[in-house]
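Structure first, commentary second.
The values are calculated or read from the model by the stated rules, or taken from the named source; none is laboratory data. Since the structure is predicted, the reported quantities are computational estimates derived from the model, not experimental observations. Please note: Cβ atoms are built from the backbone with ideal geometry, for glycine as well, and neighbour counts cover all protein chains shown.
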Amino acid sequence: MPLLNMSAICIAIVMIVAVLSLLLLRLRSALPAPGYSVPGGLIGVVAGFIGIGFLGGVAIYEPLAGDRGRLPVDFMLLITWIVLGAGVWLAKARRLRAMPRADLQAILLHQEP
């Protein structure tokens, strides 16, 4: 189940970042409220945050409990995935920084240059 645990950890990280972003944007934004609302309001957002935190905690604890004193395969895969992702991101960032601003906006905003 290493791939399953690795995927659960990744999903938990993404969901925690998304929920925290939602909370910060809603609490700090001076813009008018959007045309939609989260079911349950702030309580629903906090409940989602607690639930995804529990999922991430279980996904991290379960491999550690099984591999006494050793680095679990799940974490080796996760570290490899992070290193590969960082390498791709750095290579892409270097190319994007070298692009003219108009071309970069066309890519990011899906517009014609």
Among V88, V73, V38, V46, which is the only one that is of a type in the set (A, V, I, L, M, F, W, C), free of Cβ contacts under 8 Å to residues at least 24 places away in the same chain and touching a helix residue (DSSP H, G or I) at 6+ places or on another chain (Cβ under 6 Å)? V38
Does L23 fit the bill of being exposed (fewer than 13 other Cβ atoms within 10 Å of the Cβ), assigned to a helix (DSSP H, G or I) and of a type outside the set (D, E, K, R)? no
Within segment 59-113, take every residue that is among the polar types (S, T, N, Q) and surrounded by 10 or more Cβ atoms within 10 Å (Cβ to Cβ) and give me the one that is modelled with the highest pLDDT. T80
Qualifying positions in segment 14-35 - closer than 30 Å to P72 by Cβ and touching a helix residue (DSSP H, G or I) at 6+ places or on another chain (Cβ under 7 Å): M15, I16, V19
Which ones in segment 17-37 are under 24 Å from M6 (Cα atoms) and among the polar types (S, T, N, Q)? S21
